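No value in this document is a laboratory result; all are computed from the given coordinates. Just so it is clear, the structure is predicted and the values come from calculations on it, not from any experiment. We place every Cβ from the backbone using ideal geometry, glycine too, and count neighbours over all the protein chains shown.
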Amino acid sequence: MKFRYHFQKVVDLKSNEKTQAEWMLSTAIGKLQTEEEHLLQLINDRNNLMNIIQAATENCASVSSLQEMQRYAYHLDECISRKNSDVEHAQVNVQRNQSFLNGKVIDEKVWLGARDKAKGRFQQEMLLREQNDLDEMATVRFAAKARAN
């Protein structure tokens, strides 16, 4: 007789939910990395611009070009500020997805544990039945031998 767990579909569902939560977390981490890379690029652009402005002031560049570069630096500062906010939102999303995944992992472990306990009980019952069958066969043989003598 083979072990069949009555709630196997629930176990499968919990496993699928955990897999989906893993995908969601993976997606959130990818989004966070993209936002962080974009932020780093903006910071590098601003640093490069500051170096250009420094060199332009030393070379006595025109006031209008310096003002234009300063406006662009201000624009980059605003972009960096917005991107920092995007990174924070992405971090919160990663944490939320991590918590969600932790819950799904716990759910799956609970159901797998219940299935393992049920399987253990089933195996014990099968061993007990087998032992009872062997005991009965031995008793029948003993009784047959006793009658024959």
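The figures follow:
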read-out	value
Test: residue in the range 71-86 that is surrounded by 12 or more Cβ atoms within 10 Å (Cβ to Cβ), among the aromatic types (Phe, Trp, Tyr) and under 30 Å from residue 124 (Cβ atoms)	no
Residues within the range 96-132 that are within 22 Å of residue 10 (Cβ to Cβ) and either aliphatic (A, V, I, L, M) or not in a helix (DSSP H, G or I) (or both), tallied	7
Test: residue in the range 70-80 that is of a type in the set (Lys, Arg) and in contact (Cβ under 8 Å) with a residue 60 or more places away in the chain	no
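Each row is one residue, and each column tells you yes or no for (1) more than 27 Å from residue 32 (Cα to Cα); (2) under 38 Å from the mean Cα position of the chain (by Cα).
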site	(1), (2)
78	no, yes
85	no, yes
97	no, yes
124	yes, yes
137	yes, no
144	yes, no
148	yes, no
